[in-house]
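The structure appears right after this line, and notes come after that.
Just so it is clear, none of the values below were taken in a lab; they were calculated from the coordinates. Quick caveat, the model's predicted, so the values are computed rather than measured. Every residue, glycine as well, gets a Cβ built from its backbone with ideal geometry; the counts of neighbours run over all protein chains shown.
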Amino acid sequence: MMSKFSSIVLGVTVAAIMAPASAVELGSSSELHGFVSQGYLYSPDNPYAGTDSLDGSFKFRELGITGFTEVSPEFRLAGQIISRQRDESDDGDLRIDFLLADYLFHSDMGSTAGIRLGRVKNNVGFYNAIRDIPSARPGFNVPDSIYFDSLRDTILSTDGINLYGSLMLQDNQLSWELFAGERGLDGEKLEYYLYGLPISEGEFEDVPLIGLNLNFVPAAQRNLKLGFSLVDADIDLDNPMSVSDAQMALFTAGMGDIGVNPQNYVTGTSIDALFAILSVQYSYHDWVITAEYMNLFSDLELQLAGMDTEKNTTTQAYYLQVEWLPTLTTSWFARYEELYLDKDDRSGSDLLPANNPYRGFGKGWSLGGKWMFYPRWTVTGQASFNEGTAWLPSYSGMENDSISKYWNYYVVSLTFQF
């Protein structure tokens, strides 16, 4: 029987193929765009997002439908729904990616300013706001070191307000965004990130977010783009295990178990996190060089069986990426990246599960390319060679699988967009 997702994909694909233009026009001021992407991923060393990938899996699909209508030159409505399946780590359910009202209340030769209300994608770094659009990514995915999967939902978008604008300062171009609101998160992925394993009880509340994004293009060098992003997030665990229940479980298992399985005794968690990302991109003829550096400062207040501990951690990451665009329909890229969940403990010895002692760090090379072999059709290939598992996608049951320190994955995907 055809699944709900397969039916949606088939229907959208047929409709898009029948459409004569690159977008579906809904009147003079409205349009509908979309994409369908199907990937095959082979990860022989580690279960990438699920065990099926060990033998090769087709459970890597993406679908997106975007629509907008221009009510006036200054006011428009826009939204996008997406479905994203990544084996067992993402189930492919339809969700609202963004849904907003956008009003440009000021525009002249030297500056612009506007406001967006609703669910708005956060411009954090160069790729956060476009990470779910296959055609906008350099390869199969964006750099894992900066945009790692565990905190994806937390910083992807905000339900709230977004102020944006631009300034011309003696021919220097400055664009800016301020956003505030809250966002739900994938609690299970965060639990893997914090504790190494899912916890016994409790769930994480919606996360308040405040952020700033700046991009600067100097007049003296138009091929250079500089960026700075800052995001503050407060995360709290709601309805955790009671202290009495945790102490009883610890008494039964033995005091030594709290060091082996701390996730079973979590009675409270509070995190104050601050993301800071520096970005630079330089274009020269057919070449684009991109680099980003991130520090994630986190103040973790953790309570285990009623015993309070506090830890201040700086997560550090960076990547360097080189793209070559020899023709209008082909591109190639190479990328090196590193991520350390605690820059002062690069081996990652704290709160590591026995099956995955390499979770605290990640290093890797990625090579890949794209070819638009027919209008609106693109094939993408990528090979990634990794040491450490800091960005290995987590999923339910991952704690039962054996994890390797060195692991590679190979992926090819086919994308249709309209």
_Let's test the formula: R0 of 51 Å, r as the Cβ-Cβ distance of residue 289 and residue 248. What FRET efficiency results, to the nearest 0.05?_
0.35
*Calculate the length of the line joining the C-alpha centroid of region 139-178 to that of region 96-134, in whole Å.*
9 Å
*Rounded to whole Hz and in sequence order, give me ³J(HN,Hα) for region 97-105 from the Karplus expression 6.51 cos²θ - 1.76 cosθ + 1.60, θ = phi - 60°, writing x for Gly and Pro.*
6, 8, 7, 8, 10, 10, 10, 8, 8
*When a/c is below 1.5 the answer is rounded, else prolate if a/b is larger than b/c, else oblate, so apply that to region 352-418 with a ≥ b ≥ c taken from the square roots of the Cα gyration tensor eigenvalues.*
prolate
*Lys/Arg Cβ at +1, Asp/Glu Cβ at -1, dipole of the chain taken about the Cα centre: which of 196, 418, 339 is farthest positive-ward?*
418
*Would you please classify the overall shape of region 85-221 from the alpha carbon gyration tensor, given that a ≥ b ≥ c denote the square roots of the eigenvalues, rounded means a/c under 1.5, and beyond that prolate means a/b larger than b/c while oblate covers the rest?*
prolate
*Between (1) 1.10; (2) 0.91; (3) 1.03, which matches Cα Rg over 2.2 N^0.38 Å calculated for the structure shown?*
(3)
*asked:* Which one, 337, 292, 31, has the greatest fluctuation when you compute a Gaussian network model over the chain with C-alpha springs under 10 angstrom?
replied: 31
*Which whole-percent values make up P(r) of region 297-418 when all C-alpha to C-alpha distances are grouped in 10 Å steps starting at zero?*
11, 30, 29, 18, 9, 2, 0
*asked:* Using the Cα centre of region 28-118 as the reference point, and only Cβ charges (+1 on K/R, -1 on D/E), how large is the resulting charge dipole? Debye, rounded to the nearest 20.
replied: 180 debye
_Only helices at least 20 Å long along their own axis, judged from Cα atoms, and with Kyte-Doolittle mean hydropathy of 0.0 or greater: name those in the chain from DSSP H._
4-18
*For region 254-369, rounded, prolate or oblate, judged on the Cα gyration tensor with a ≥ b ≥ c (square roots of eigenvalues), a/c < 1.5 rounded, else prolate if a/b > b/c?*
prolate
*In whole angstrom, how far apart do the alpha carbon centroids of region 73-94 and region 255-332 sit?*
23 Å
*With the dipole of the chain worked out from charges on the C-beta (+1 for Lys and Arg, -1 for Asp and Glu) around the Cα centre, which of 209, 328, 274 lies farthest toward the positive end?*
328
*Among 251, 385, 204, which one shows the biggest mean-square fluctuation in a GNM of the chain, springs joining Cα atoms closer than 10 Å?*
251
